[in-house]
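Worksheet for the structure shown next.
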Amino acid sequence: MFEVYIHVPFCLRRCGYCDFNTYTATDLGAGASRGNYANMVIREMKLTKQWQLDHGIAEPPVSTVFFGGGTPTILAARDLVAMLDAIRKTWGIASNAEITTEANPDTVNEYYINELAAGGFTRVSFGMQSAVPHVLKTLDRTHTPANVAAGVNAANKAGLRSSVDLIYGAPGESLDDWRTSVTTAIDLGVNHISAYALTVEPTTKMGRQIAAGTLPKPNDDDEAAKYEIADDLFAAAGLEWYEVSNWARPGYESQHNLGYWRNVDWAGVGPGAHSHYNNVTEIDRPQPALLTAPAGGGCPAEAGLGVVPVSHGLRSWDIAHPRLWGTAINEHRIPWADSEAITAEENLEELIMLGLRLREGLDLGRINQAIAANENTSWQTIAVDSLRPMVDEGLITISGNRVIPTRRGRLLNDSVIERFFGLAGI
């Protein structure tokens, strides 16, 4: 499988909890403006395709596309369609591909949604966050629950699938507030809902408010209680968990996100976007020090290159600031900030971490195969009997060769992962 992620770094305003690579300015320099953004992304696609050809990477037609941000729908619908058309011309798109954009409910209407549907989109993920006005205010969200419902209704009429995202644990959110948000999301009739615990970064507006004592810090026990409420209500409505933070009716799972968790290949395009390739033997790695702004401003120097062998895959990430990203594209360089060869240990850790997030479970045979194939003699294969204590503690179940986290195991996911690392000797 091969997936494409397009990052759109523009927002109408920056939410107080947001730590993503987003900007409110309409023009960030070097061609990275809202009006010209689609053209810059299409140019990066061409550079990425050439890099793939130069490294012998022949990807199949794209199976999923995801536009994230930021707020992709702050751009004109025709710009999103133009970028999708460019993906089709560059790599091809599978006939049954899932094509998703995130959407702020304030930035779409029926006409916008219809244009997306006509252009080949199949799915819209609405940033709902909460159905309670005071919680939305705390999160600095400007939309209303009515806007979310209008967006979902428009998507339904256009034949698109809808998903909504929720956030729990906001300062001042009660358990009843959270129940209201969950039941409101269910009543929308969508077939997919994501629910994420609020993560507060110290550099955000909310992080500073919490540090100053003007907002209370999110509470782990409160968030666990809200997770259990959501899981119960979703299950009663026919939405099954398939990943720690995602629930769907059977057949409506996000194929793009499943691709991430299954460690497939994907190309990330746009400032700060990440890419991942499994079958690469070596890379010409940009030197990251030369891709930062020099003292006093100006453009970065031409990147130096270093050949790095790759045995367990490659990770790369684009330059974060749109101006520097645009400068690299204007100089006909793939706009990576840096890249790294994934080590055998990192590969094993990722297989364990990703597998233990999924309802389909961790493939113990695949894990033991990776352990046995490595020359590190301190590693040890994981016997089923060694997992019995975690079964007895209600953290996991075992079905054939699959290890599946229980709800308790999902709530204590980090602890379960650490115990698997210990059993493998990593």
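Worth a mention:
- Matching option when the condition is open to solvent by 20 Å² or more (accessible area, probe 1.4 Å) and on the phi > 0 side of the Ramachandran plot, among G394, G365, G361: G394
- Restricting the range 182-223 to residues that are part of a loop (DSSP other than H, G, I, E, B) and small (G, A, S) leaves a set whose member that is farthest from W241 (Cα to Cα) is G213.
- Screening D140 with (1) touching a Ser or Thr at 6+ places or on another chain (Cβ under 8 Å); (2) of a type outside the set (S, T, N, Q); (3) on the phi > 0 side of the Ramachandran plot gives one miss only, at (1).
- Cβ separations smaller than 7 Å between residues 6+ apart or across chains give the following pairs from the range 141-157 residues that are over 13 Å from S125 (Cα atoms) to residues that are part of a helix (DSSP H, G or I): T142/D106; H143/P105; H143/D106; P145/T184; N147/P105; N147/D106.
- Residues within the range 58-84 that are touching a residue at least 40 places away in the same chain (Cβ under 8 Å), under 16 Å from A267 (Cβ atoms) and open to solvent by 30 Å² or more (accessible area, probe 1.4 Å), tallied: 3
- Of the criteria (1) within 26 Å of S162 (Cα to Cα); (2) part of a helix (DSSP H, G or I), which one T64 fails: (2)
- Residues in the range 351-396 that are assigned to a loop (DSSP other than H, G, I, E, B) and under 12 Å from G409 (Cβ atoms): L356, R357, R359, G361, E393, G394, L395.
- Scanning the range 96-126 for residues that are over 20 Å from I167 (Cβ atoms) and either in a helix (DSSP H, G or I) or hydroxyl-bearing (S, T, Y) (or both) yields E110, Y111, Y112, I113, N114, E115, L116, A117, A118, T122.
- Members of the range 37-57 found to be part of a helix (DSSP H, G or I) and open to solvent by less than 30 Å² (accessible area, probe 1.4 Å), listed by number: Y37, A38, M40, V41, E44, M45, T48, W51, Q52
- Of residues in the range 90-123 being of a type in the set (D, E, K, R) and open to solvent by 30 Å² or more (accessible area, probe 1.4 Å), the one nearest to M1 (Cα to Cα): E102
- Residue in the range 184-215 that is most open to solvent (accessible area, probe 1.4 Å), counting only those that are closer than 16 Å to F126 by Cα and of a type outside the set (A, V, I, L, M, F, W, C): D187
- Scope the range 138-181; condition of a type in the set (A, V, I, L, M, F, W, C) and in a strand (DSSP E or B); matching residues: V164, L166, I167
- Qualifying residue in the range 216-223 (condition: out of contact with any Gly (no Cβ under 6 Å at 6 or more places or on another chain) and open to solvent by less than 40 Å² (accessible area, probe 1.4 Å)): no
- Given (1) over 27 Å from V200 (Cβ atoms); (2) at pLDDT 95 or above, index of the condition A146 fails: (2)
- Set side by side, the residues P250, P271 differ, and just one is closer than 30 Å to M1 by Cβ, open to solvent by 40 Å² or more (accessible area, probe 1.4 Å), part of a loop (DSSP other than H, G, I, E, B) and in contact with an Asp or Glu (Cβ under 9 Å, 6 or more places away or on another chain), which is P250.
- Residue in the range 348-358 that is within 30 Å of M40 (Cβ to Cβ) and not hydrophobic (A, V, I, L, M, F, W, C) present: no
- Look at (1) more than 27 Å from L215 (Cβ to Cβ); (2) in contact (Cβ under 8 Å) with a residue 60 or more places away in the chain; (3) open to solvent by 10 Å² or more (accessible area, probe 1.4 Å); (4) not in a strand (DSSP E or B) and you find that I87 fails only one, number (3).
- Search result, residues across the range 131-142 that are within 24 Å of the chain's Cα centre (by Cα) and open to solvent by 10 Å² or more (accessible area, probe 1.4 Å): A131, T138, D140, R141, T142
- Every residue from the range 397-417 that is under 24 Å from the mean Cα position of the chain (by Cα) and surrounded by fewer than 14 Cβ atoms within 10 Å (Cβ to Cβ): D414, S415
- Among the conditions (1) exposed (fewer than 13 other Cβ atoms within 10 Å of the Cβ); (2) under 26 Å from the mean Cα position of the chain (by Cα), the only one that T377 does not satisfy is (2).
The values are calculated or read from the model by the stated rules, or taken from the named source; none is laboratory data. Predicted, not measured: the structure shown is a model, and the values here were computed from it. Glycine gets a Cβ as well: all are built from the backbone with ideal geometry, and neighbour counts include every protein chain shown. We work out accessible area using only protein heavy atoms, side chains counted, and drop any ligands, DNA or RNA first. Shrake-Rupley method; radii C 1.70, N 1.55, O 1.52, S 1.80 Å.
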